[in-house]
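Notes to accompany the following structure.
The values are calculated or read from the model by the stated rules, or taken from the named source; none is laboratory data. Model, not experiment: these values are computed from the prediction. Methodologically, a virtual Cβ is constructed for each residue, glycine included, from the backbone with ideal geometry; neighbour enumeration extends over all protein chains shown. Ligands, DNA and RNA are excluded from the accessible area calculation, which covers all protein heavy atoms including side chains. Shrake-Rupley method; radii C 1.70, N 1.55, O 1.52, S 1.80 Å.
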Amino acid sequence: MSRSLRAAVVGYGTGGRVFHAPLIAADSAYELRMIATGDRERAADAAARYGGGVVVAGADAVLVRASELDLVVVTSPNETHAPLAHRALEAGLDVVVDKPFALSSAEGRAVIEHAEAVGRRVTVFQNRRWDGDFLTVERLIRQGDDGPLGEVRQFESAFEWWKPELSTKWKETAAAERGGGILFDLGPHLIDQAIRLFGPVDEVHAELDRRRPGAVTDDDSFLSLRHANGVRSRLWFSAVSPWNRPRFRVVGSHAVFETEGLDPQESQLKAGVPVNDPAFGHGHPDGLLRSPESTSAVTVAPGAYPEFYRLLAQALTTGAPLPVDPRDSLTVLDIIERAHAS
């Protein structure tokens, strides 16, 4: 395909405004044709950034013009992910679905089967596979038992913030059955990262707590995953943490690696830093590699969110592998289901 991939973004909250629209607009392989939002202020913001002609009122306005598109990005509330993916596939379009892929593994599996039946491609936006600190952890672990960490035995990952009062956002007011709660919000990131590093999980322990007055679903949660290879992953998600744990802590037989703070790409995108700015993705503090003999700094790799859409363009134009196999997200959903069931 010589022309650009014609894309529509359905939803212009944090996902559409901060992540998808800027990444698509910055990639010459794409043409950002439509942004769907029914919110007047968000529509004005989208028009100011990308031109008034791209703004449409909602998903219906996108799908009625499916012949003008190649790709739909679904970044609306969680409970709409699977239904909108089905509608886009039925309209003959390839689909990116924001995390969580669906509200259950059965819903997600049905989307994959639908895509296969109509000969379209569907993938999931697991952007934190391209966080610089995660890429650094991945590189160290891939060096194996002879690397600086030695045999990895424990993996700790935490994503925490301090918001002691509930907001009116749907993620905090919707029940878990509708995709609300911090496990559905952050779990798809941290679980996906753990599985990518250590493979299948054969044991899940969950502690899902509600700490804030009026909370209808979890806002302070913990998962322990025992992987089939014996590694134990411990994952924390919290909206009520006055001070944070290390973002990553990897315990090996030779040394421990730790990083502090979050990958800078989200804050840079929120601040309007262009994706093609040389500073984009840079600025994370060094990690620390500690052993009984020494402590040394490890430079954290730059973050690389644009890689998702670069790889997606290759997949859609040449048949290359998708940037994220949606079946990986079924595994994540299965673990979230097991956590809620426990």
Practice task
Could you pull the accessible area for residue 207 with a 1.4 Å probe, rounded to 10 Å²?
Solution key: 90 Å²
Practice task
Between residue 288 and residue 226, take the C-beta separation as r, use R0 = 22 Å, and let me know the FRET efficiency to the nearest 0.05.
Solution key: 0.25
Exercise for the section: Give me the percent of the accessible area of region 77-134 that comes from carbon and sulfur atoms, probe 1.4 Å, all protein chains in place. Expected result: 50 percent
Exercise for the section: Could you please state how large a percent of the accessible area of region 184-332 is carbon and sulfur, counting protein chains only and using a 1.4 Å probe? Expected result: 51 percent
Completion exercise
Simple SL model, points at 7 angstrom along Cα→Cβ for residue 161 and residue 212; separation in nm is 1.0 nm
Exercise for the section: Would you mind getting the accessible area per residue of region 210-250, heavy atoms of the protein chains only, 1.4 Å probe, in Å²? Expected result: 44 Å²
Exercise for the section: Within the set of other residues whose C-beta is less than 13 Å from the C-beta of residue 287, count the net charge using Lys and Arg as +1 and Asp and Glu as -1. Expected result: -3
Problem - Rounded Å value of the spacing that divides the Cα centres of region 213-231 and region 319-342 - result: 16 Å
Exercise for the section: Roll a 1.4 Å probe over the protein chains and send me the accessible area per residue for region 18-60 in Å². Expected result: 47 Å²
Fill in the blank from the handout: Taking Cα atoms only, helix 326-341 is inclined relative to the longest principal axis of the chain by an angle, in degrees rounded to 10, of 60 degrees
Exercise for the section: Among 22, 167, 55, flag the residue with its Cα farthest along the positive direction of the charge dipole of the chain, charges on Cβ as +1 for Lys/Arg and -1 for Asp/Glu. Expected result: 55
Exercise for the section: Over region 79-182, give the accessible area per residue in Å² for a 1.4 Å probe, as an integer. Expected result: 42 Å²
Exercise for the section: Kindly provide the trypsin sites (Lys or Arg not before Pro) of region 23-95 that DSSP labels as loop, not H, G, I, E or B, and whose Cβ sees at most 15 other Cβ atoms within 10 Å. Expected result: 65
Fill in the blank from the handout: Expressed in square angstrom to the nearest 10, the accessible area of residue 104 with a 1.4 Å probe stands at 30 Å²
Exercise for the section: Mind pulling the angle between the C-alpha long axis of helix 40-50 and the longest principal axis of the chain? Nearest 10 degrees, somewhere in 0 to 90. Expected result: 90 degrees
Problem - Relative contact order [Cα under 8 Å, 6+ residues apart], the chain, whole percent - result: 18 percent
Completion exercise
With 0.36 nm assigned to each residue of separation and the Cα-Cα distance removed, residue 271 to residue 173 gains 32.6 nm
Handout entry: Order of exposure, largest accessible area first, which applies to 318, 14 with probe 1.4 Å
Key = 318, 14
Fill in the blank from the handout: Sorted by accessible surface (1.4 Å probe, heavy atoms of the protein chains only), largest first, 162, 243 come out as 243, 162
Practice task
Would you list the P(r) distribution for the chain, with all Cα-Cα distances sorted into 20 Å bins from 0 and each bin expressed as a whole %?
Solution key: 30, 59, 11, 0
Handout entry: Size of charge dipole - region 4-68 - debye, nearest 20, with Cβ of Lys, Arg +1 and Asp, Glu -1, no other charges
Key = 40 debye
Handout entry: Assigned charges on the beta-carbon of Lys, Arg, Asp, Glu; region 107-202 dipole about Cα centre (debye)
Key = 400 debye
Exercise for the section: Set the Förster radius R0 to 51 Å, insert the Cβ-Cβ distance between residue 90 and residue 154 as r into 1/(1 + (r/R0)^6), and round the FRET efficiency to 0.05. Expected result: 0.65
Problem - CD proxy at 222 nm, helix term only [per DSSP H run n ≥ 4: -39500 (n - 2.57); per residue of the chain; nearest 500] - result: -10000 deg cm²/dmol
Practice task
Report the FRET efficiency, 1/(1 + (r/R0)^6), for residue 314 and residue 118, where r is their Cβ-Cβ distance and R0 is 25 Å, rounded to 0.05.
Solution key: 0.75
